[in-house]
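*Asks:* Okay, here's the structure, questions in a sec.
What follows draws every value from the coordinates through simple rules; no lab data is involved. Since the model is a prediction, treat every value here as computed from it, not as a measurement. We place every Cβ from the backbone using ideal geometry, glycine too, and count neighbours over all the protein chains shown.
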Amino acid sequence: MKKVILILAVVAFLASCKSKQKSASKTPSKPKNEIATNDRIPIDEADSEQKKRAYDFGKRVLNACNTSRFRPFNSSEATPNVIANTTESKITKTCHKFRLKYGDFKDLTLVEIVHNKKDDTNVYRYKADYSKKIANKELRVIMNKENKVTAIKSTDWVEKYDPIK
């Protein structure tokens, strides 16, 4: 009987230690200083040339889904990393999924521009319109000061900008 009580006491002690460790190891989902690294830029005050280039690049990528033709980026339009990652095979694979699920691509609507102070880039957030009304997709075109694409990303649409997503 004493052994059973001793074992239960040890198990209870270990269980309480584990729960304290879990609560102590929780970290916040976003660092507090990350909020200060992004500024919204009013759409009408943004650089019109960069805004047009971001739209053209985003539309070029998504139009490839409708036409099955993609004109690769060159070194004056995109960074080497983007050029290497936007291959025809990758675009084709992504387009196949998008066409099945969302239908034909129609157009992009610029919703907001966010300046990232960390790497001095502008994030152009577009709402992508597709023929199927269930589609609620976002296209992010990230441009640097040289008006080159540094990244293009498609995600599900969310109203509030989340830099990690």
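*Asks:* Can you name the condition, by its number, that Thr67 falls short on among (1) in contact with an Asp or Glu (Cβ under 6 Å, 6 or more places away or on another chain); (2) exposed (fewer than 12 other Cβ atoms within 10 Å of the Cβ)?
*Replies:* The one condition Thr67 does not meet is (1).
*Asks:* Assuming Phe70 fulfils every condition listed in (1) out of contact with any strand residue (DSSP E or B) (no Cβ under 7 Å at 6 or more places or on another chain); (2) aromatic (Phe, Trp, Tyr); (3) in contact (Cβ under 8 Å) with a residue 40 or more places away in the chain apart from one, which condition is it?
*Replies:* It fails just one condition, (3).
*Asks:* Say whether the condition of being over 14 Å from Val141 (Cβ atoms), in contact with a strand residue (DSSP E or B) (Cβ under 9 Å, 6 or more places away or on another chain) and in contact (Cβ under 8 Å) with a residue 24 or more places away in the chain is met by at least one residue in segment 73-80.
*Replies:* Here is the first cut: in segment 73-80, the residues over 14 Å from Val141 (Cβ atoms) are 74-76, 80.
Checking which are in contact with a strand residue (DSSP E or B) (Cβ under 9 Å, 6 or more places away or on another chain) leaves us with none.
No.
*Asks:* Looking at segment 59-86 only, could you name the residues that are assigned to a loop (DSSP other than H, G, I, E, B), of a type outside the set (Gly, Ala, Ser) and farther than 15 Å from Ser154 by Cβ?
*Replies:* If the condition is that a residue be assigned to a loop (DSSP other than H, G, I, E, B), of a type outside the set (Gly, Ala, Ser) and farther than 15 Å from Ser154 by Cβ, then Arg69, Arg71, Pro72, Phe73, Asn74, Glu77, Thr79 are the ones that fit.
*Asks:* Quick check: is even one residue across segment 126-141 over 17 Å from Tyr161 (Cβ atoms), touching a Leu at 6+ places or on another chain (Cβ under 9 Å), part of a strand (DSSP E or B) and of a type in the set (D, E, K, R)?
*Replies:* Yes: segment 126-141 contains one or more residues that are over 17 Å from Tyr161 (Cβ atoms), touching a Leu at 6+ places or on another chain (Cβ under 9 Å), part of a strand (DSSP E or B) and of a type in the set (D, E, K, R).
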